[in-house]
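The next block holds one structure in the form of structure tokens; read it before the comments.
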Amino acid sequence: MAADETAYTPPTEVDLGQIKQILPHRYPLLLVDKVRDIVPGESCVGIKNVTSNEPHFEGHFPQEPVMPGVLIIEAMAQAAAVLVGVSLDLAGKGMGTYFMSIDKCRFRRKVVPGDVLELHMKTLRGGGKVWKFEGRAIVDGELAAEAEIMAMLNRG
């Protein structure tokens, strides 16, 4: 077999099954349903379908369910971790991407059941052990949240 036939070719989209090979998270803390528009090492768009049966809506808030901001940021981080995993071919290899910092975080609109949260992640620094991302959470073309996050690659 020629060397180029065995070379890893990163996918441009991953489904839930592939995400579970990269991320250690599971329900109820797995917050990304799909990742599309992957440009390895550069950017991606994570998709989170927000549903009324998620456990946090029972207490946040019973009369007016709103997705907690920390979970929106966590969803951004998970989309970024999938980007790292796809870029470096880490699926099933026991490597984890761990949160290090959150900067410039702002919330612009409520995210509620029925929304489709698009997590637009752009790499600001990457390729090594520490990665930095710019994230924008968008619902129906409207900015819901934004932040810069940093993560470190480490053996899980």
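Nothing in this text is a laboratory measurement; each read-out follows from the coordinates by a stated rule. Because the structure is predicted, anything quoted here is derived from the model rather than measured. Note that each Cβ is placed from the backbone with ideal geometry, even for glycine, and that neighbours are counted across all protein chains shown.
Quick grid of which residues meet (1) in contact with a Cys (Cβ under 8 Å, 6 or more places away or on another chain); (2) outside any loop (DSSP other than H, G, I, E, B); (3) surrounded by 10 or more Cβ atoms within 10 Å (Cβ to Cβ):
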| position | (1), (2), (3) |
| --- | --- |
| Thr9 | no, no, no |
| His25 | no, no, yes |
| Pro28 | no, no, yes |
| Leu31 | no, no, yes |
| Asp37 | yes, yes, yes |
| Val45 | no, yes, yes |
| Thr51 | no, no, yes |
| Pro62 | no, no, no |
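Selection of region 11-23 for residues being without any contact (Cβ under 8 Å) to a residue 40 or more places away in the chain and not in a loop (DSSP other than H, G, I, E, B) yields Leu16, Gly17, Lys20. In the set Val116, Val86, only one residue is closer than 12 Å to Ala137 by Cα and out of contact with any helix residue (DSSP H, G or I) (no Cβ under 6 Å at 6 or more places or on another chain); that residue is Val116. Pairing residues of region 24-45 that are within 15 Å of Thr123 (Cα to Cα) and touching a residue at least 40 places away in the same chain (Cβ under 8 Å) with residues that are hydroxyl-bearing (Ser, Thr, Tyr) and part of a strand (DSSP E or B), at Cβ distances under 7 Å and at least 6 apart in sequence or on separate chains, gives Gly41/Thr123; Glu42/Thr123; Ser43/Thr123. Asn154 meets the conditions (1) within 21 Å of Glu13 (Cα to Cα); (2) of a type in the set (S, T, N, Q); (3) loosely packed, with under 14 Cβ neighbours inside 10 Å in every case but one. The failed one is (1). When Val70 is tested against (1) part of a helix (DSSP H, G or I); (2) surrounded by 12 or more Cβ atoms within 10 Å (Cβ to Cβ), only condition (2) is not met. The selection criterion, being under 24 Å from Ala7 (Cβ atoms) and in a loop (DSSP other than H, G, I, E, B), holds for Gly41.
Each residue in region 105-135 was checked for being surrounded by 15 or more Cβ atoms within 10 Å (Cβ to Cβ), under 16 Å from the mean Cα position of the chain (by Cα) and part of a strand (DSSP E or B), and 13 pass. Out of all the residues in region 87-104, is one or more of a type in the set (Asp, Glu) and surrounded by fewer than 18 Cβ atoms within 10 Å (Cβ to Cβ)? Yes.
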